[in-house]
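The values are calculated or read from the model by the stated rules, or taken from the named source; none is laboratory data. The structure presented is a predicted model; accordingly, all values stated were derived computationally and were not measured. Positions of Cβ are backbone-derived with ideal geometry, glycine not excepted, and every protein chain shown enters the neighbour counts.
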Amino acid sequence: MSQVLCEELAVNGGVPVRTVPLPWELPGSHWIGEEEMDLVGKVLSSRSPFRYYGPHLEHMVDTLEQEFAARLGRRYALATGSGTAALMCALGALDVGPGDEVLLSGYLWVSCLGAIVRLGAIPRLVDIDDTFCMSPTDLSRKISSRSKALLLVHMSGAPGDLDAILPVARDAGLPVIEDCAQANGASYRGKPVGSQGDLAIFSFQLNKNMTAGEGGIVVCNDEHFYKRCFAIHDMGYARNAEGRLDPDDEQYQLWGIGARMSELAGAMSLAQLRKLDSITGAMRESKYAIRREIEQIEGLQCRRIVDPKGDSGPFLIVTLPSAEVCEAFAKALHAEGIRGPEGSFACIAMENWGLHWHWNNLSLVNRRGQSNTGRPWTDPANAFANEYSYERGACPNCDDLASRSILLTIASCLTQGDVSDIVEAYKKVANALL
Ligand SMILES: *Cc1c(COP(=O)(O)O)cnc(C)c1O
């Protein structure tokens, strides 16, 4: 045992492993450079920031869509103003509405709930397992005659056990939307996330693996789904070859949400997409350098990653024997200097992971409506949901894992020094507390 492991913990007045804050998470942002400036600059110089027409269109969003679809082997990609908008499109493509429930894990992001509720449908919570993604066993328990779609959220950088989950959905005839917002660039046994669901969505918001500040994309193979997504993301209609709205096609006379992507966001997204594998590669390398060193520690359990080669890498999650130990462990890590700059989320006890846990989504727990009619909860078509619970307790594994786990963000620019400080701190704290 190295000497430092025997030293007094910083939380008890000992010398901390480090004092310089770890870098901000925000994976794509560390890689912004000439390429982004060049492509965004082209859009500005051409004075054509709108994607569908303009004097000297650079077709940045078109190119982004082509390259994104090609990566995933999908026929269609449609860029949107955000990942949440992409979710609204994907759910809308499947005609989700009143009388329907959409199954999703209780470890989630608020957008998933918002998109379902905004369409007048009901979220149905499914518990997670040690992958921190949906439990296939609980999924088969929760599927009912009301289930319209499975929203499969690939949480915290890596998918769950897709080979166990997808057949359950397929056997029940349930279409699948993959939410890849937190796992862009990840894969499962050689297949990229977003390549298997009937539809899949991604986000380019600042916290995601590649970023344009804001942005999203929805992908699919089915032309009908694509056309519905198109009309929904825009003004409710198709567009013609000149980029003008074309309300004539009766099948695609819908209502739009005004969530097109601008050429500026398209240019930045395109530059970032071309770096995505480098960004995730850097995070994965740091993460597994840390994991290899700490996974032998007795009493500390690393999140189960079904296919580590396909992990996009932005988060390291460990689970401890009890809530008390977890709280003390997180506090001790902070004191050792395992924390980020003010305002960042470098290292937190997952109990404090906010809107990622269903019970912290108070609009859900309190069944807030889209308007003062109280819909969708008061809609007679949704009466089946009166007994559904959204409070803590609805998903026992979520409760348990939230109370005993610590999440560390893995910045895409960690140095070897940062990595060895992190390893040293985890070992030092484990040695004292476990
Ligand atoms: C970030 C995120 C979204 C939404 O993306 P925005 O671009 O912020 O609208 C959707 N789902 C999950 C799981 C996310 O993490």
Number of positions in the range 219-250 that are free of Cβ contacts under 8 Å to residues at least 60 places away in the same chain and at positive phi: 1
May I ask you to list pairs of residues, at least six apart or on different chains, whose Cβ atoms are under 9 Å apart, with the first in the range 170-181 being of a type outside the set (Asp, Glu) and the second being part of a loop (DSSP other than H, G, I, E, B) and more than 16 Å from the ligand (Cβ to nearest atom)? Ala172/Ile143; Leu174/Ile143; Pro175/Leu94; Pro175/Asp198; Val176/Gln196; Val176/Asp198; Ile177/Leu94; Ile177/Asp198
Determine, yes or no, whether Ala77 is away from the ligand (no atom under 11 Å from the Cβ), in contact with a helix residue (DSSP H, G or I) (Cβ under 6 Å, 6 or more places away or on another chain) and under 21 Å from Gly213 (Cα atoms). yes
Any hit, the range 271-285, residues being more than 20 Å from the chain's Cα centre (by Cα), among the small types (Gly, Ala, Ser) and part of a loop (DSSP other than H, G, I, E, B): no
Any hit, the range 222-245, residues being among the hydrophobic types (A, V, I, L, M, F, W, C), buried (at least 24 other Cβ atoms within 10 Å of the Cβ), out of contact with any strand residue (DSSP E or B) (no Cβ under 9 Å at 6 or more places or on another chain) and over 25 Å from Arg47 (Cα atoms): yes
Just one listed residue, out of Leu87, Leu72, Leu139, is within 16 Å of the ligand (Cβ to nearest atom) and either modelled with pLDDT of 95 or more or aliphatic (A, V, I, L, M) (or both), and it is Leu87
Spot the failing condition for Lys309; the list is (1) under 15 Å from Val429 (Cα atoms); (2) touching a residue at least 60 places away in the same chain (Cβ under 8 Å), and only one is missed. (1)
Unmet criterion (only one of (1) part of a helix (DSSP H, G or I); (2) closer than 30 Å to Glu424 by Cβ) for Gly343: (1)
The correct count of residues that are touching a Gly at 6+ places or on another chain (Cβ under 9 Å), within 13 Å of the ligand (Cβ to nearest atom) and of a type outside the set (A, V, I, L, M) in the range 101-136 is 5
Mind checking which strands (runs of 3 or more DSSP E) fall wholly inside the range 153-252 and carry at least 1 residues that are under 26 Å from Leu57 (Cβ atoms) and within 16 Å of the ligand (Cβ to nearest atom)? 199-203, 216-220
In the range 111-161, which residues are within 21 Å of Phe315 (Cβ to Cβ) and among the polar types (S, T, N, Q)? Ser111, Thr131, Ser135, Ser156
Filter pass, Ser363 being outside any loop (DSSP other than H, G, I, E, B), of a type in the set (Gly, Ala, Ser) and crowded, with 17+ Cβ neighbours inside 10 Å: no
Scan the range 139-166 and report the pairs whose first residue is within 29 Å of Pro27 (Cβ to Cβ) and whose second residue is at pLDDT below 95 and in a loop (DSSP other than H, G, I, E, B), with Cβ atoms within less than 9 Å and a gap of 6+ or a chain change. Leu152/Gly160; Val153/Gly160; His154/Gly160
